[in-house]
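First comes the structure, then the notes that go with it.
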Amino acid sequence: MSFSWARPYEPKHPVMRWLDERLPLPRLVYGAIGGGYPVPRNLNYLWNFGVLAGIFLTIQIVTGIVLAMHYFATTDGAFNSVNQLIMRDVSAGWLLRYAHMNGASFFFIVTYIHIFRGLYYGSYKAPRELVWMLGLVIYLLMMATAFMGYVLPWGQMSYWGAQVITGFFSAFPLIGEPMRVWLLGGYAPDQAALTRFFSLHYLLPFVIAGVVILHIWALHIPGSGNPTGVDVKEERDTLPFHPFYTAKDGWFAAFVLLVYAIVTYFAPDYLGHPDNYIPANPLATPAHIVPEWYFWPFYAILRSFTIDFILPAKLWGVLAMFGSILLLFFLPWLDKSPVRSGAYRPVFKRFFWLLVIDVVILGYVGGAPLNWWRTALGQLASAYYFVHFLVILPLVSAFETPDPLPSSISSSVLHGEEAEAAPAGQAKPRGGSVATAG
Amino acid sequence: MATQSAEDSTTAGHEADGVRRRDFLNVAAVSFAGVGTVAALAPLLVQMSPSADVLALATTEIDISKVQPGQGIKTQWRKQPVFVRNLTPKEIAEADAASMGDLRDPETLAQRTKPGHKNWLITLGVCTHLGCVPLGIGDGENKGPYGGYFCPCHGSMYDTAARIRQGPAPKNLMVPDYKFLSPTTVQIG
């Protein structure tokens with residue numbers, strides 16, 4: 001599970017020794033996120049976002065459990081329990097609610113950076129395919145949890161979001177409509193739907209926590225990747241996770257939490273939608289209905305099908321939207337380049353940034369009201385999304401000539417520092433690795 | 001068969017080959033437990049279906065005597081909005097003028113209304129795309145370029161017979177089962 005030079009766990013205190021012989025939990029933690037886990041020494045700040053995602057999951061679970069103590073999952077009571085009871089009456093309720101609301105957004109922000117880190121540095125490639133796929137499972141669970149959580153305040157956007165998203169299922173022929181009615185427990189979102197969404201919204205974060213453990217477990221078999229994409233070869237390529245990366249993750253977490261606090265205190269509704277402060281009305285749809293910002297790119301893909309082609313346009317939209325995520329499960333086999341890191345792939349790198357721009361455009365189109373040119377732009381951007389993964393990536397990995405890789409992680413970071421450290425004229429270059437250092 | 005294969009066997013230990021009584025018992029026990037588990041899942045699945053009180057809201061009576069030509073009302077059936085519209089002769093003519101070839105879901109206005117009540121267009125107010133409530137039933141709302149309904153969510157446009165003309169929706173607005181109890185009363189469901 002780890003490199004041969006990983007520090008063994010040696011409890012010093014008799015109580016810890018006693019515990020280790022009976023339940024080696026501290027040993028597990030030491031090997032997973034302590035001094036016993038050797039990590040490549042060259043990680044950049046993009047490698048901080050996995051830990052940050054874990055921190056935001058914890059914040060969501062803690063604030064969520066507390067909010068559930070004051071929330072009523074009834075169609076009559078839900079809106080007031082959030083906007084009257086929690087926001088005004090419960091002591092510090094406003095803070096907990098805003099922390100939970102913005103915590104969801106920050107959870108998605110750090111997760112998106114984490115995902116794009118993986119896309120750029122080829123973190124999905126062998127031997128880490130399952131780490132990537134488990135990560136996608138977590139992402140899908142996050143989307144389901146976030147959607148159901150957004151329904152709970154039972155405002156206009158909650159209600160119509162529930163109506164539209166459960167409507168996806170009605171796109172499937174024959175079984176679609178019965179399935180939608182079964183999921184909602186009625187013909188439209190109502191008490192039955194609200195209660196079951198609350199139940200699942202409480203459950204799924206713990207399922208996410210379980211899959212996170214599998215994600216980390218699978219990661220720790222080969223160990224963390226690194227910006228060069230070169231495998232760890234020897235002890236000087238790595239540093240123990242504690243104290244080196246706990247310190248780096250620690251200060252950076254404090255910095256991100258500061259940004260989170262600023263948004264939560266000074267712009268708590270900036271990322272939300274004002275229509276959700278209107279109680280749900282089943283007879284009137286808001287003029288401009290949009291999901292939360294983190295779903296906008298997918299919403300743009302959904303809306304980009306306007307013409308029937310063999311299948312109805314509606315079914316195409318739903319299939320494309322689900323397909324845009326399911327496609328990522330096949331990424332390890334679509335990108336066959338043996339070079340992991342985008343830093344050494346000149347052509348791939350350009351297309352990567354094109355993809356980032358494409359997803360930003362999709363996000364913009366998905367969040368803005370429809371008109372003819374936004375529809376056209378959304379169609380173009382949706383098409384590029386699929387072309388990128390299904391055509392460009394396989395072709396690039398077949399034809400690209402990658403830049404020369406460093407011979408090892410340590411040689412990529414230690415640019416002749418050994419020579420500098422030696423007295424003048426006595427530097428002893430180590431054969432091979434220094435010469436090829438990039 | 002079992003005896004045959006046991007005799008043909010060259011391996012030592014005749015217990016290891018063929019179908020034994022224990023194999024039968026294993027298959028029977030696991031099958032029994034499997035059927036039992038599936039049976040136990042049934043209540044966990046059916047509890048999600050609409051309950052009797054939701055299904056009981058299946059019929060609604062509406063009074064249409066106050067709806068003037070060109071006006072419409074919005075009411076509720078099974079917790080879903082229903083549009084009742086009194087079409088003007090011009091709107092009826094527009095609906096009849098559309099050629100079937102231009103329609104995504106071809107139906108005539110006559111097929112979508114009751115005989116003798118061609119001016120009463122009664123449909124669900126649920127866009128067949130993803131279930132939003134289209135605009136166009138209330139005074140001053142955007143009726144879209146075809147003079148019927150316009151869905152603000154994803155831009156589906158319906159004509160004066162509430163048939164889909166443009167946008168992502170696959171079907172015309174659904175006509176629920178209904179009957180005229182009297183010239184001014186309609187029962188839906």
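The values are calculated or read from the model by the stated rules, or taken from the named source; none is laboratory data. Worth saying up front: this structure is predicted, and the values here are computed from it rather than measured. Because the Cβ atoms are built from the backbone with ideal geometry, glycine has one as well, and the counts that use them run over all protein chains shown.
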Kindly establish whether residue A:83 is modelled with pLDDT under 95 and away from chain B (no Cβ under 12 Å).
yes
If the requirement is being within 17 Å of residue A:293 (Cα to Cα) and either in contact (Cβ under 8 Å) with a residue 40 or more places away in the chain or surrounded by fewer than 19 Cβ atoms within 10 Å (Cβ to Cβ) (or both), which of these qualifies: A:140, A:174, A:130, A:119?
A:140
Pairs where the first residue, in the stretch B:129-141, is at the interface with chain A (Cβ under 9 Å from one of its Cβ atoms) and within 19 Å of residue A:303 (Cα to Cα) and the second is among the aliphatic types (A, V, I, L, M) and assigned to a loop (DSSP other than H, G, I, E, B), C-beta under 6 Å, 6+ apart:
B:129/B:169
Only unsatisfied item for residue A:162, checking (1) crowded, with 22+ Cβ neighbours inside 10 Å; (2) more than 13 Å from the chain's Cα centre (by Cα); (3) more than 21 Å from residue A:317 (Cβ to Cβ), is (3)
Sort out which residues of the stretch A:355-395 are in a helix (DSSP H, G or I), touching a helix residue (DSSP H, G or I) at 6+ places or on another chain (Cβ under 7 Å) and small (Gly, Ala, Ser), and write them in order of number.
A:363, A:366, A:367, A:378, A:381, A:382
Got at least one residue in the stretch A:357-377 being farther than 29 Å from residue A:169 by Cβ and touching a Lys or Arg at 6+ places or on another chain (Cβ under 7 Å)?
no
Exactly one of A:244, A:298, A:252 is within 14 Å of chain B (Cβ to nearest Cβ) and part of a helix (DSSP H, G or I), and that one is A:298
Confirm whether residue B:40 is more than 20 Å from residue B:126 (Cβ to Cβ), more than 9 Å from chain A (Cβ to nearest Cβ) and among the aliphatic types (A, V, I, L, M).
yes
Helices (runs of 4 or more DSSP H) (entirely within the stretch A:1-78) containing at least 1 residues that are under 30 Å from residue A:154 (Cα atoms)
A:49-68
Residue A:307 - would you say it is of a type in the set (Val, Ile, Thr) and not assigned by TED's automatic domain parsing to the domain that holds residue A:56?
yes
Is it true that residue A:103 is within 17 Å of the chain's Cα centre (by Cα), part of a helix (DSSP H, G or I) and in contact (Cβ under 8 Å) with a residue 12 or more places away in the chain?
yes
What are the residues in the stretch B:46-60 that are farther than 19 Å from residue B:188 by Cα and exposed (fewer than 11 other Cβ atoms within 10 Å of the Cβ), if any?
B:46
If I filter the stretch B:107-128 down to residues being touching a strand residue (DSSP E or B) at 6+ places or on another chain (Cβ under 8 Å) and of a type in the set (Val, Ile, Thr), which single residue comes out as farthest from the other protein chains (Cβ to nearest Cβ)?
B:113
